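Colleague: Mind having a look at this structure? Questions to follow.
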Amino acid sequence: GPVNWAPHNPAPLPGMVRLWTLEAMAHGAELVSYFRWRQAPFAQEQMHAGLLRPDCTEDIGAKEAAQAANDIAKVGNVGAAPRSVALVFNYESEWVTDTQPQGRGFSALRLAFEWYSALRQQGLDVDIVSPGTELSGYAMALVPCLPMLPPGFVAQLAAFTGPVLIGPRTGSKTADFSIPPTLAPGELQTLLPLRVVRVESLREGLLEQGDGFAIHHWLEQVETSLAAEEVLADGRGVLFKSGACRYLAGWPDARLLRRLLTHMATEAGLDTVELPEGLRLRRTRQYTFAFNYANHENAIPDGEAKQYQLGGAMLPPAGVAAWRR
């Protein structure tokens, strides 16, 4: 018999398309281009969603994009993001560790991602920059793993006035893929008087314990006259400081990273806040934004005292809040 059909279009809950759009804006994007406009009804990408369905009807993504446009109009000019933490990374470093990992799982990209995540979990604003980027204006700089030091990079770090954290294997290769004549960290020895004389790749599950932390994946033995800021249970140093620069001679776990980055942020004059799982902050000149990537509600720390332009003190999954700074 005949089928009676009527469209039912309940208002969708704000979702990830809206979140991604607003987070891109908060990070300084001038344009967001959605791929794709309409879901293709043919060829190999038939199952890739678009803002429109194959029948040209608006899909949920189109409604979220429209909501994001309304949100952007509501908050107005958010202002440029202030410089806070610079995380120095290039893909050459990933190629080096992919070519010669030494230990299974050693990846410069993976290490950089863990450091980035630890910074964001402390509520810090992070810019991922390439070596050679002007660092003046940043409060803190991190170099997770940069085996080949570009010309002028050491002088650039020497001129930087904020705290610097340098990770394992940095300066461990020349441009010809050789061990430096003075050993790692190569030219960085002008800033950090130490030498890496031996390395250990730690198999999965093998941990070198310290005071409330552990080193895994990778550990370096260092010769230096510097006193260690962090040591293992057997007395070997894993963190050394000279001037504003620190060298971390191993792959840190989350506990050591959290402790270290919180301490360095205090040195840099930056406020930190321990965020719940999935909640991330981003500041611009005019606003602070909060984004909830968790699959459950998250409360914004001290959220009740804020004057919200978007959202509120409790954020649902994929929720966004914004308040004036």
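Colleague: More than 22 Å from L22 (Cα to Cα), among the charged types (D, E, K, R), surrounded by 15 or more Cβ atoms within 10 Å (Cβ to Cβ) and out of contact with any Ser or Thr (no Cβ under 7 Å at 6 or more places or on another chain): which single residue out of R258, R280 fits that description?
Modeller: Numbers: R280 fails: more than 22 Å from L22 (Cα to Cα).
After ruling out the rest, the residue left standing is R258.
Colleague: Now a separate question. Here is a list: R280, R246. Which entry is assigned to a strand (DSSP E or B), touching a strand residue (DSSP E or B) at 6+ places or on another chain (Cβ under 9 Å), farther than 28 Å from L207 by Cβ and of a type outside the set (A, V, I, L, M)?
Modeller: Residue meeting the stated conditions: R280.
Colleague: In segment 304-315, what residues are open to solvent by 60 Å² or more (accessible area, probe 1.4 Å) and modelled with pLDDT under 95? Talk me through it step by step, then tell me what you get.
Modeller: From segment 304-315, those open to solvent by 60 Å² or more (accessible area, probe 1.4 Å) are 304-305, 307, 314; that's our starting set.
Passing the criteria: E304, A305, Q307.
Colleague: I need every pair where a residue in segment 21-41 that is more than 22 Å from L52 (Cα to Cα) has its Cβ under 8 Å from the Cβ of a residue that is loosely packed, with under 14 Cβ neighbours inside 10 Å, sequence separation at least 6 or different chains.
Modeller: Filtered contacts from segment 21-41: G28/A80.
Colleague: Touching a residue at least 24 places away in the same chain (Cβ under 8 Å), open to solvent by 30 Å² or more (accessible area, probe 1.4 Å) and not hydroxyl-bearing (S, T, Y): is that true of P301 in this structure?
Modeller: Details: touching a residue at least 24 places away in the same chain (Cβ under 8 Å): yes; open to solvent by 30 Å² or more (accessible area, probe 1.4 Å): yes; not hydroxyl-bearing (S, T, Y): yes.
So P301 fits the description; yes.
Colleague: Among what's in segment 21-78 and is assigned to a loop (DSSP other than H, G, I, E, B) and basic (K, R), pick the residue that is farthest from the chain's Cα centre (by Cα).
Modeller: At the first step, the residues of segment 21-78 found to be assigned to a loop (DSSP other than H, G, I, E, B) are 27-37, 39-42, 46-51, 53-57, 59, 76-78.
Filter once more, so that each one left must be basic (K, R): 36, 53.
On the way: R36: 27, R53: 34 Å.
Within segment 21-78, the match that is farthest from the chain's Cα centre (by Cα) is R53.
Colleague: Could you go through segment 89-107 and let me know if any residue there is small (G, A, S), more than 23 Å from A268 (Cα to Cα) and at pLDDT below 95.
Modeller: Of segment 89-107, the ones small (G, A, S) are 93, 103, 105, 107.
With the extra rule that they be more than 23 Å from A268 (Cα to Cα), the set shrinks to 93, 103, 105, 107.
From what is left, the residues that are at pLDDT below 95 are 103, 105.
Yes - at least one qualifying residue is present in segment 89-107.
Colleague: Filter segment 289-298 down to the residues that are open to solvent by less than 10 Å² (accessible area, probe 1.4 Å) and aliphatic (A, V, I, L, M) and list them by number.
Modeller: A290
Colleague: I need a count of the residues in segment 124-149 that are among the aliphatic types (A, V, I, L, M) and open to solvent by 40 Å² or more (accessible area, probe 1.4 Å). Spell out the reasoning first.
Modeller: First pass over segment 124-149, keeping only residues among the aliphatic types (A, V, I, L, M): 124, 126, 128-129, 135, 139-143, 146, 148-149.
Keeping just the survivors that are open to solvent by 40 Å² or more (accessible area, probe 1.4 Å) gives 128.
The qualifying residues number 1.
Colleague: Between a first residue in segment 196-221 that is over 19 Å from T182 (Cα atoms) and a second residue that is surrounded by fewer than 22 Cβ atoms within 10 Å (Cβ to Cβ) and of a type in the set (S, T, Y), which pairs have beta carbons less than 8 Å apart while being 6 or more apart in sequence or on different chains?
Modeller: H217/S201; W218/S201
Colleague: Right, here's the next one. Kindly establish whether Q121 is open to solvent by 30 Å² or more (accessible area, probe 1.4 Å), polar (S, T, N, Q) and under 14 Å from the mean Cα position of the chain (by Cα).
Modeller: Judged against the criteria, Q121 is a match.
Listed here are the residues, each with its yes/no results for (1) assigned to a loop (DSSP other than H, G, I, E, B); (2) among the aromatic types (F, W, Y); (3) farther than 30 Å from A80 by Cα.
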| position | (1), (2), (3) |
| --- | --- |
| L206 | yes, no, yes |
| H217 | no, no, yes |
| E229 | no, no, yes |
| L261 | no, no, no |
| E267 | no, no, no |
| A294 | yes, no, no |
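Residue-by-condition table, conditions (1) more than 30 Å from V231 (Cα to Cα); (2) modelled with pLDDT of 95 or more; (3) open to solvent by 40 Å² or more (accessible area, probe 1.4 Å); (4) touching a Gly at 6+ places or on another chain (Cβ under 8 Å):
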{"position": "G250", "(1), (2), (3), (4)": "no, yes, no, no"}
{"position": "D253", "(1), (2), (3), (4)": "no, yes, no, no"}
{"position": "A268", "(1), (2), (3), (4)": "no, yes, no, yes"}
{"position": "Y287", "(1), (2), (3), (4)": "yes, yes, no, yes"}
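Colleague: Would segment 119-133 turn up any residue that is hydroxyl-bearing (S, T, Y), over 29 Å from F289 (Cα atoms) and touching an Asp or Glu at 6+ places or on another chain (Cβ under 9 Å)?
Modeller: Keep residues of segment 119-133 that are hydroxyl-bearing (S, T, Y), which gives 130, 133.
Filter once more, so that each one left must be over 29 Å from F289 (Cα atoms): none.
Within segment 119-133 (the criterion being hydroxyl-bearing (S, T, Y), over 29 Å from F289 (Cα atoms) and touching an Asp or Glu at 6+ places or on another chain (Cβ under 9 Å)), the answer is no, since none of the residues qualifies.
Colleague: May I ask you to list pairs of residues, at least six apart or on different chains, whose Cβ atoms are under 6 Å apart, with the first in segment 60-89 being open to solvent by less than 20 Å² (accessible area, probe 1.4 Å) and the second being among the polar types (S, T, N, Q) and assigned to a helix (DSSP H, G or I)?
Modeller: A68/T21
Colleague: Would you point out which residue out of A159, A175, A108, A155 is open to solvent by less than 50 Å² (accessible area, probe 1.4 Å) and not β-branched (V, I, T)?
Modeller: Working: A159 fails: open to solvent by less than 50 Å² (accessible area, probe 1.4 Å); A175 fails: open to solvent by less than 50 Å² (accessible area, probe 1.4 Å); A155 fails: open to solvent by less than 50 Å² (accessible area, probe 1.4 Å).
Every option except A108 fails the conditions.
The values are calculated or read from the model by the stated rules, or taken from the named source; none is laboratory data. Keep in mind that what you see is a predicted model, and the values were worked out from it rather than measured. Cβ coordinates were reconstructed from backbone atoms using ideal geometry, including for glycine residues, and neighbour counts include every protein chain displayed. Heavy atoms of the whole protein, side chains included, go into the accessibility calculation; ligands, DNA and RNA do not. Shrake-Rupley method; radii C 1.70, N 1.55, O 1.52, S 1.80 Å.
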